[in-house]
Each structure stands twice: as structure tokens, then as C-alpha cells.
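Encoded as C-alpha cells, the structure appears first; notes follow it.
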Amino acid sequence: MNSSITACCRRPLARFCNHIEELGPISTRKLKAQLTPEARRACTTALIDLEQRFIICKTGITGREMGTYGYLWDLAERWMPEAFTAADRLKRKDARAMVLDRLRAVE
């Protein structure tokens, strides 16, 4: 796994990243089936945390009916490599200005 990804993750989050990297894109149901009971209980919180950090993202939907609806998860960097390449080229000051401009536009 990309060392910058694991560096920003606590150990349990890094384990989720490793599963998604190896098996992704993967549905929430299949991901949970790969985990220990303890890890399964923490899964939803971990997925939200990793998504908020732009490490993973929802790349699709599984099922369309009650009881079968879920998401497909993958590494954000694998799903949108061009966005990460473009972001790598930005200087911190320029990136900050772009984010602030977008936030002001939403207000």
C-alpha cells in the first residue's frame, strides 16, 4: 500500500485500507465478510473516516431494493488517479486558495 496512505491512518484504519486495496472495488457486505467480528462492528465508522480523508470512496452501488442496497468501495487514488496527479502538482498556497474559493461559492 502507498506509504503516504498508511502513514496518515491509525493501525485499524490501515487494515481496512489494505483489504480494500487487495480486494477492491469491493462491496460493504463482502468487505465485512472478510473481517473479524470485532472489526465488523467498527467497519461503518472506519469507512466514513477513510472516506472523509479522501483515502477511499464509493465507486458504485450494489442492489437496488431494501435489504440489498449497499456501496462498492475502492481506493480514491485508484478510482481517480488523474485528480491525485493534478493535486500533487499544486502548491499548498494555490490549493488552499482554490478550496477557499469553492467554499465561498457555496455560501
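Bear in mind these aren't lab numbers, they're just calculated from the coordinates by the rules spelled out. Computed from a prediction, not measured in an experiment: that's the story for all the values here. Counting neighbours? That spans all protein chains shown, and the Cβs are built from the backbone with ideal geometry, glycine included.
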Label-to-label distance, nm, for residues given as Thr44 and Lys30 (7 Å Cα→Cβ offset)
2.2
Using alpha carbons only, how many degrees (0 to 90, rounded to 10) separate the axis of helix 11-23 from the longest principal axis of the chain?
80
Please express the Cα-Cα pair-distance distribution P(r) of segment 3-79 as a list of whole percents, one per 5 Å bin, running from 0 to the bin with the greatest distance.
3, 17, 30, 27, 16, 6, 2, 1
Can you work out the FRET efficiency for the pair Thr68 and Val106, with r the C-beta to C-beta distance and R0 = 35 Å, to the nearest 0.05?
0.55
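Determine, from the Cβ-Cβ distance of Ile61 and Ala83 and an R0 of 22 Å, the FRET efficiency 1/(1 + (r/R0)^6), rounded to the nearest 0.05. Walk me through the intermediate numbers first.
Details: r = 21 Å, r/R0 = 0.95.
Using R0 = 22 Å, I get an efficiency of 0.60.
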What number results when the radius of gyration of segment 38-107, computed over Cα atoms, is divided by 2.2 N^0.38 Å?
1.45
